[in-house]
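Quick note: the coordinates plus some simple rules give every number you see, no bench work behind them. Every value quoted in this text rests on a predicted model; they were computed, and no experiment measured them. Positions of Cβ are generated from backbone atoms using ideal geometry, with glycine treated the same way; all protein chains shown enter the neighbour counts.
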């Protein structure tokens with residue numbers, strides 16, 4: 001399949017050539033040449049003002065099946081009986097989507113000895129909790145979790161499944177989508193419903209956050225997406241929770257496993273997990289030495305936040321990899337991000353630029369970090385950060 | 001002797017892809033194509049398994065004809081063979097259609113004892129093709145590995161990253177493993193291997209070679225569809241403050257208390 005080009009409409013303005021993220025379009029005189037590597041992303045179609053370009057319609061495909069019986073599902077992510085914050089965030093979003101569709105919201109709770117979490121899920125607005133408890137679900141194993149959720153989805157047939165784009169969610173949700181032979185969109189930051197077509201509009205960043213794309217799953221169910229933690233507002237608790245807990249025995253758990261959990265090797269000692277922190281104080285190369293990390297920790301503690309790092313600070317061994325923010329680390333969007341001694345390489349910016357308020361402290365007034373900062377303080381972090389700590393302590397008496 | 005397959009992807013260097021927030025056109029100074037950086041760790045791990053236990057490493061990629069460059073580079077690192085999956089019909093594939101195409105190639109290669117993938121590609125950032133490939137092949141899979149240890153019984157213990165820390169998971173072979181960058185330090189390609197790579201024949205497999213129909217691959221075979229591409233919302237213009245540290249600190253704290261939505 002290739003891009004459709006109507007040469008009679010083309011005015012050779014070159015907009016599409018500029019817009020192509022893959023650089024495969026070029027103009028030879030008045031003729032547009034479509035090179036190899038076009039993946040039909042449609043960026044050129046968007047910018048063409050004379051409608052000379054089109055993405056081909058898919059051919060000979062099965063029509064969209066009937067709307068399935070069940071509503072919007074949220075994976076209730078938990079570990080050892082504690083819910084991950086993303087679960088209530090997604091329940092809030094699921095309620096909003098379900099209202100437009102006129103369907104119920106269900107939480108899917110997988111684990112061992114986790115029945116007590118049902119109440120929190122009902123309070124967060126779930127109309128139903130599908131509960132599967134089994135010793136093999138006590139700790140996360142891709143194959144087991146994937147088989148369990150796949151079986152549940154086959155049995156009850158939801159219209160939509162949402163899960164957190166955590167390491168856990170992103171590890172096994174693709175297997176569920178593949179097992180159900182349906183589409184999956186990773187790491188979404190916005191959802192909407194096209195009420196006419198009953199389609200879930202899934203928006204996500206791509207190219208390290210430089211481009212946003214809206215994606216649909218037009219002809220299969222369930223429509224599946226993982227969603228970035230910390231982006232959606234947690235569900236406001238319902239005054240009088242109502243709903244039922246449906247216990248399910250899964251055949252998949254009776255089959256002999258090919259992988260098994262051995263043990264936890266190391267816990268990441270984050271006082272607050274990065275993804276859940278409202279405030280992040282992050283350090284970069286400007287920290288100069290490992291011992292200066294303490295300064296950031298002190299500020300983070302005062303603000304009830306977590307410490308993050310750039311790749312440079314991690315590679316230097318000052319801060320553990322688990323705290324790395326950016327393209328090769330985590331993506332975060334706290335309410336307040338304080339960047340200390342961080343120059344602002346693109347690879348770092350893509351991991352934090354959706355924070356609500358960004359404060360940058362850097363000696364170099366030309367540092368790129370200032371371009372994404374709401375407030376930029378030009379100066380020495382070793383002077384400004386201690387002064388800020390003093391100021392906060394003074395203010396609080 | 002294990003047969004190891006490493007899946008790689010050729011990607012543009014991300015930071016060069018940026019839409020102008022006003023005109024929606026692309027700011028770009030010539031896009032360089034590279035091997036997805038995470039895939040280099042997957043390749044290195046494959047080579048290390050081979051160095052320790054023998055066997056062969058085959059590198060596969062799906063992409064346009066020019067993706068052959070990425071395969072040749074992988075051969076330069078020491079891979080034994082490479083196959084390019086390329087066909088006009090593959091264009092516009094989502095992660096499912098990509099995984100299905102790769103799965104048929106793995107079948108055609110006679111399967112593998114170990115398949116390595118990088119944790120995600122830096123252009124799409126989906127981290128979906130690896131796990132989907134494992135499901136289609138019906139083999140066990142472990143995500144985000146930082147360490148492998150082979151057991152006597154032919155199983156492998158994988159130490160892997162999760163949100164809370166690192167877990168160990170034991171899995172039987174064949175298996176698919178996605179790796180994080182902590183797992184190793186990729187080697188420098190040797191001059192000899194590079195020279196050999198230059199002359200290596202790289203077969204190109206299309207639709208017919210893989211026993212696939214046109215409606216199963218590319219845009220036609222995709223379950224998801226991109227309906228809109230747009231630049232991210234621009235951030236507000238920033239204020240730059242200079243002055244004595246104490247003044248800056250006091251001013252900042254006042255501002256944060258007024259403005260920040262965080263509980264301070």
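Annotations
- Counts of other chain beta carbons within 10 angstrom of each beta carbon in peptide A:12-21 average 4.
- If R0 is 51 Å, the Cβ-Cβ spacing of residue A:268 and residue A:2 corresponds to a FRET efficiency of close to 0.60.
- Based on the convex hull around the alpha carbon atoms, the protein assembly as shown presents an average projected area of 30.5 nm².
- Shape call, the range A:62-182: gyration tensor on alpha carbons, a/c limit 1.5: oblate
- In degrees, nearest ten, helix B:68-77 long axis to first principal axis of chain B (Cα): 80 degrees
- Note on chain B: antiparallel DSSP beta bridges, both residues inside, total approximately 40 percent of the bridges counted.
- In chain A, helical runs assigned H by DSSP with n ≥ 4 each contribute -39500 (n - 2.57); averaged across all residues and rounded to the nearest 500, the mean residue ellipticity at 222 nm is -7000 deg cm²/dmol.
- Alpha carbon centroid spacing (whole Å) that separates the range B:146-165 from the range A:302-368: 30 Å
- Computed [θ] at 222 nm, helices only, for chain B once each DSSP H run of length n ≥ 4 contributes -39500 (n - 2.57): -9000 deg cm²/dmol
- Distance between the range A:271-297 and the range B:173-232 - C-alpha centres, whole angstrom: 37 Å
- Euclidean distance between Cα centres, the range A:22-39 to the range A:237-263, Å: 51 Å
- Remark: the residue A:219-residue A:190 segment gains 8.4 nm on full extension, using 0.36 nm per residue and subtracting the alpha carbon distance.
- Antiparallel DSSP beta bridges within the range A:42-147, as percent of all bridges there, nearest 5: 15 percent
- Among beta bridges identified by DSSP and lying wholly in the protein assembly as shown, the antiparallel ones come to about 40 percent.
- Other protein chain Cβ atoms within 10 Å, averaged over every residue that makes up B:85-97: 4
- Least to most buried among B:160, B:251 (fewest other Cβ within 10 Å first): B:251, B:160
- Ordering B:101, A:236 from the fewest to the most neighbouring beta carbons within 10 Å gives A:236, B:101.
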